[in-house]
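Notes to accompany the following structure.
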Amino acid sequence: MYLWTLRHSHSHSVADSGRTCCQTLTLYPQPTGSGGPLRIVFTEGPGRYVPGGAPLGSGDVGYVRGATLNLHEPGAVRALLDAASTRGWQPGTRRAVEIDGWSLLEPAAASRAGATGSAGVITQQPAGH
């Protein structure tokens, strides 16, 4: 079982005089102490969107012309967790692990599109902006 949080953040760059949005999905294995957190990070970039709200949902991430997920949906979180495991993430790892979410998006979205249900239990914890 996992508890999870979703955070939207911004980084400011003097080089490009702009602001970059980022969504970080953090999964905490339960019971506490059974492994380190897994951070799946989606950073805005060319052809990718990571909105912070209207007109798109606050948990939406995706390619402008391609796969998308809403990170507030437990089924999407499960699909990302499964994709991370398929790519070698080990749940019992004691340290925090950070993965580029874009490497997981297409397999997770494909899994969601073909899913008729999801296994496992995931609970969302409230998170601030």
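The values are calculated or read from the model by the stated rules, or taken from the named source; none is laboratory data. Being a predicted model, the structure only gives us computed values, none of them experimental. The protein model used for the area step is the full one, side chains on, heavy atoms only, and it has no ligands, DNA or RNA in it. Shrake-Rupley method; radii C 1.70, N 1.55, O 1.52, S 1.80 Å.
The table below gives the values:
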read-out: Gain in span if fully extended, residue 3 to residue 89, counting 0.36 nm per residue against the direct Cα distance; value: 29.3 nm
read-out: Surface accessible to a 1.4 Å probe, residue 73 within the full protein complex, Å²; value: 80 Å²
